[in-house]
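Asker: Before I ask anything, let me first share the structure, which is written out below as structure tokens.
Just so it is clear, none of the values below were taken in a lab; they were calculated from the coordinates. All figures in this text were calculated on a predicted structure; none of them were measured in a lab. Every residue, glycine as well, gets a Cβ built from its backbone with ideal geometry; the counts of neighbours run over all protein chains shown.
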């Protein structure tokens, strides 16, 4: 039951909307905060959906209660990692940690402490729910039965999609251009270390890293993991505050690094990047290599996946067999309407199973490289069907099956918990099936 320490005056300031178990409460202010966030993410959101959000908040409390019963825990390290990821996301959004602290009116430490408990609760609830749903699988027969139950006039209409792969070969840089880039950076370093030139000013003038050039070469929160090249990380964490590294070579080019502030396994740094110049001759060598690879593929002497593994210089592509995936979903079926016009024009010249001619293209990092493109499959705009859309239909059917399993779990477990919901919300459709009680669970 709620402690008698809650006075009527306190409840009028921040009303208690639900109590789960003996001491897990949901406040009006917490619901309103989630509603505000939902409105910011979806302008079409209206207050009629408050009931659904409250239901999800109650569900999280139920998961926490069950996790306590089943001794399901998340480690402090996992929580800290999630907090770091969140701070990193907002730091990138606002440009720097200083800017984030200025706008929030709190230090990074204060923000972490403020969100630590809620993040831990969220992670624990998700872990508990995953344990409940992990055994849920679906068979092809169940997918087909699910599809047959959908009225024909209710079948969704899908746009044209393609499955596309690519083999990327970066132009090899000549030894002469490598030497020139290194010597140029050695000269810049000498001006800084021996000549007293300001590192950040020199980064603004000379660095060829578009992500940091305009910020004096600065990066905050560099860690031993993440997107950083291994050689870059090794050199960084050898430095003390104020030190400038020797010239370091990575796949991106040549760097010098200045340690601004070392904070355990995190570091704020500035760096200057000089990239060796790629000549027309270098591009021609890459295109020639790709032409040879294409001839091997066309003559069926090697599979596409094998060629990716042996020849592609794109390490990320090797993990997907060369197939391009949607970065938000990880799905390899790409909506044609969301592809860039250059790729659409290229694919219009190919039929499934065919390879493009070698060509120069612009990478996601806005650099030039060389590739051949493989069109694995193509669908035309169509109504959903089992032949073209099995994976999509399976995902929906599996999600429905998991939702039913979760509802069954709630039905079976709810009588064993204390649950009290504010009378104003008891009439919600989302909560009608959840019997409220003023007595403790069994």
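Asker: Describe numerically, in nm with one decimal, the distance between label points set 7 Å from Cα along Cα→Cβ at residue 180 and at residue 288.
Answerer: 2.0
Asker: From the gyration tensor of the Cα coordinates in the stretch 337-403, what semi-axes in whole Å does the equivalent ellipsoid have, largest first, with each one equal to sqrt(5λ)?
Answerer: Values: eigenvalues 200, 51, 22 Å².
Over the Cα atoms of the stretch 337-403, the ellipsoid semi-axes are 32, 16, 10 Å.
Asker: Rounded to a whole number of µm²/s, how large is the Stokes-Einstein D of the stretch 47-177 at 37 °C and 0.692 mPa s, given Rh as the Kirkwood radius over C-alpha pairs?
Answerer: Value of D from the Cα-based Kirkwood radius: 161 µm²/s.
Asker: Continuing with the same structure: Quick one, what does Rg over Rh come out to for the stretch 70-118 if you take C-alpha atoms and the Kirkwood Rh? Before the final figure, lay out the partial values.
Answerer: Values: Rg = 12.5 Å, Rh = 11.6 Å.
Here Rg/Rh amounts to 1.07.
Asker: Over the alpha-carbon set of the chain, divide Rg by the Kirkwood Rh and report the Rg/Rh ratio to two decimals.
Answerer: Working: Rg = 28.3 Å, Rh = 27.2 Å.
My calculation puts Rg/Rh at 1.04.
Asker: Per 0.36 nm of contour for each residue apart, how much would the distance between residue 106 and residue 302 grow if the chain were fully extended, relative to their Cα-Cα spacing?
Answerer: Residue separation times 0.36 nm, minus the Cα-Cα distance, leaves 64.8 nm.
Asker: Then there's this: Tell me the label-point distance for the pair residue 223, residue 73, using the 7 Å Cα-to-Cβ offset, in nm and rounded to one decimal.
Answerer: The answer from the label model is 2.2 nm.
Asker: For all pairs of alpha-carbon atoms in the stretch 126-234, what percent lies in each bin of width 10 Å, listed from the first bin to the last filled one?
Answerer: For the stretch 126-234, the binned pair fractions read 9, 17, 22, 14, 13, 15, 8, 2 percent.
Asker: Where q = 0.31 Å⁻¹, what log10 of I(q)/I(0) comes from the Debye formula for the stretch 370-421, counting one point per Cα?
Answerer: Normalising to I(0) and taking log10 leaves -1.13.
Asker: Could you estimate the translational diffusion coefficient of the stretch 288-442 from the Stokes-Einstein equation, with Rh from the Kirkwood formula over C-alpha pairs, at 10 °C and 1.306 mPa s, in whole µm²/s? Working shown, then result.
Answerer: On the way: Rh = 20.4 Å.
It diffuses with D of about 78 µm²/s by this estimate.
Asker: Next question. Once you place label points 7 Å from the Cα toward the Cβ at residue 266 and residue 426, how far apart are they in nm?
Answerer: Between residue 266 and residue 426, the simple spin-label model gives 4.7 nm.
Asker: Give me the angle, in degrees from 0 to 90, between the Cα long axis of helix 280-298 and the longest principal axis of the Cα atoms of the chain, rounded to the nearest 10.
Answerer: Approximately 60 degrees, to the nearest 10.
Asker: Additional query: Once the Cα atoms of helix 175-193 and of the chain are each reduced to a long axis, what angle between those two axes, in degrees from 0 to 90 to the nearest 10, is obtained?
Answerer: 70
Asker: Please work out how much length the chain gains when fully extended from residue 142 to residue 326, using 0.36 nm per residue of separation minus the C-alpha to C-alpha distance, in nm with one decimal.
Answerer: Values: separation 184, 0.36 × 184 = 66.24 nm, distance 2.70 nm.
Length difference between fully extended and current span is 63.5 nm.
Asker: Express in nm, to one decimal, how much length is gained between residue 51 and residue 433 on full extension, taking 0.36 nm for each residue of separation and deducting their alpha carbon distance.
Answerer: Extra length from residue 51 to residue 433 when fully extended: 136.3 nm.
Asker: OK, next. How do 358-369, 207-218 rank on mean C-beta neighbours within 10 Å, highest first?
Answerer: Highest to lowest by the protection proxy: 207-218, 358-369.
Asker: Using the alpha-carbon atoms, what tilt in degrees (0 to 90, nearest 10) does helix 50-70 show relative to the longest principal axis of the chain?
Answerer: Helix 50-70 sits roughly 90 degrees off the main axis of the chain.
Asker: Just order 268-280, 71-83 by mean Cβ neighbour count inside 10 Å, highest at the front, would you? Provide the component values of the computation, followed by the final result.
Answerer: Values: 268-280: 19.5, 71-83: 13.8.
Order by mean packing, descending: 268-280, 71-83.
Asker: Equivalent-ellipsoid semi-axes (√(5λ), Cα gyration tensor) for the stretch 175-274, whole Å, largest first?
Answerer: Computed over the stretch 175-274, the values are 20, 16, 12 Å.
Asker: If you don't mind, another one. Rounded to the nearest Å, what's the spacing between the alpha carbon centres of the stretch 346-401 and the stretch 234-289? Just the number, please.
Answerer: So the two Cα centres are separated by 35 Å.
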